[in-house]
Amino acid sequence: MDNKQFDVMFSGVIGQEYETLKLICPLAAKMSRFVGESIAEFAKTHSDKTLSVLELGGGTGITTLSILSSSESIKVVSVDSEPTMQSQAKQNLQQWVEQGRLTFDGRDALSVLSNTASASVDIMASAYTLHNFLDIYRAEVITEIYRVLKPGGKFINGDRYGLDDLTAHTRTIQNEVAGYFKALIEVNKLDVLQHWIVHLFSDESENHVMRESFSLQQLEQAGFKEIGLTNRCEVNALVTAIK
Ligand SMILES: C[S@@+](CC[C@H](N)C(=O)[O-])C[C@H]1O[C@@H](n2cnc3c(N)ncnc32)[C@H](O)[C@@H]1O
């Protein structure tokens, strides 16, 4: 199945104005840095070879850049099914394409994974992408990520992981919404504000939200070991696991 509902959301104003995300969610750039640091840590103990990274939801290239900067011995395939987003990454990251360290794939995550050989990828890295997936699509993606990773390979995802404490979670989201209004009214970006609020309703819907405990159990059930959640800040956190 595809995930059209979400693709549409990133093809319009949000896709064109993605940089304004820095105003309403400074953590987004920080999370990409955490993803890069986690890869650098992995690369230190695997310094004898070139590491293949499959990035899901590369967007405009913020996370991709952090991944590429984490180690010289990294080669990345960056997947994003939304041309409005991926074309910005292609522009921003041309020099790494020329160096032969980066290629792009415009198919959706599950199609790419389904067409990737078992035990062929060292690292699956992603930021702020998996939470957008419908829960049933995400379940298939997690199973496929486990299959395509090499034994010892690493899953790294910086993303929105909902708090198990629902009251605390709601309070955090309320603060987040207040922050969107404050930041975007200040710069008179009311159209972007409208689209992010609409988008947030999708993020927070029952069939999208990635609740912390459930998500970690889902990784365990897929077969992952050494599952950890770190760097939590509000609803954002870094999740890593080893095949
Ligand atoms: C919020 S952006 C994150 C971009 C980047 N990682 C960052 O942190 O700035 C999520 C990206 O995932 C892409 N995406 C969503 N669903 C997808 C799918 N099923 N397959 C591939 N890409 C998808 C969207 O087009 C979008 O560019």
Over 20 Å, how big is the tail of the calculated P(r) for the stretch 44-106, in percent of all Cα pairs? 20 percent
With springs only between Cα atoms under 10 Å, which of I74, I39, I197 fluctuates most in a Gaussian network model of the chain? I197
Can you give the net charge of the other residues whose Cβ lies under 14 Å from the Cβ of I156, counting K and R as +1 and D and E as -1? -3
Mind ranking D48, D105, D164 by accessible surface for me, highest first, 1.4 Å probe? D48, D164, D105
Only Cα pairs under 8 Å and at least 6 apart count here; give the relative contact order of the stretch 128-222 as a rounded whole percent. 48 percent
Spin-label model distance (nm) - S114 vs Q95, 7 Å beyond Cα toward Cβ: 3.8 nm
Among DSSP beta bridges whose residues both lie in the stretch 4-242, state the antiparallel percentage, nearest 5. 35 percent
Give me the number: length gained by fully extending E186 to D164, i.e. 0.36 nm times residue separation minus the C-alpha to C-alpha distance, one decimal in nm. 4.6 nm
Using a 1.4 Å probe over the heavy atoms of the protein chains, calculate the carbon and sulfur portion of the accessible area of the chain as a whole percent. 54 percent
Starting from the amide H of N236, placed 1.01 Å from N in the peptide plane, find each other amide H under 5 Å away whose residue is 5 or more places distant or on another chain. Y161
Determine which lysines satisfy two conditions relative to K150: a Cα distance under 28 Å, and not lying fewer than 8 residues away in the same chain. K30, K44, K49, K75, K90, K225, K243
Rounded to two decimal places and with Rh computed the Kirkwood way over Cα pairs, what is Rg over Rh for the stretch 106-175? 1.07
Taking 10 °C and 1.306 mPa s as the conditions, I'd like the Stokes-Einstein D for the chain in µm²/s, using the Kirkwood hydrodynamic radius from alpha carbon pairs. 88 µm²/s
How far apart, in nm, are two points set 7 Å out from the Cα along the Cα-to-Cβ line at L134 and at A178? 3.5 nm
Please state the shape class of the stretch 73-199: rounded when a/c is under 1.5, otherwise prolate if a/b exceeds b/c and oblate if not, all from the C-alpha gyration tensor. oblate
About its Cα centre, how strong a charge dipole does the stretch 163-225 have in debye, to the nearest 20, once Lys and Arg get +1 and Asp and Glu get -1 at the Cβ? 120 debye
Rounded to the nearest 20 debye, what is the charge dipole size of the stretch 105-185 about its Cα centre when +1 sits on each Lys and Arg Cβ and -1 on each Asp and Glu Cβ? 140 debye
Would you calculate, for the chain, the mean residue ellipticity at 222 nm contributed by helices, counting each DSSP H stretch of 4 or more residues as -39,500 (n - 2.57) and dividing by all residues, to the nearest 500? -15500 deg cm²/dmol
Roll a 1.4 Å probe over the protein chains and send me the accessible area per residue for the stretch 106-192 in Å². 42 Å²
Relative contact order, percent, the chain [alpha-carbon distance under 8 Å, six or more residues apart]: 21 percent
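The values are calculated or read from the model by the stated rules, or taken from the named source; none is laboratory data. Keep in mind the model is a prediction, meaning the values are calculated, not measured. Please note: Cβ atoms are built from the backbone with ideal geometry, for glycine as well, and neighbour counts cover all protein chains shown. For the accessible areas, the whole protein counts, side chains as well, though only heavy atoms, and no ligand, DNA or RNA atoms are used. Shrake-Rupley method; radii C 1.70, N 1.55, O 1.52, S 1.80 Å.
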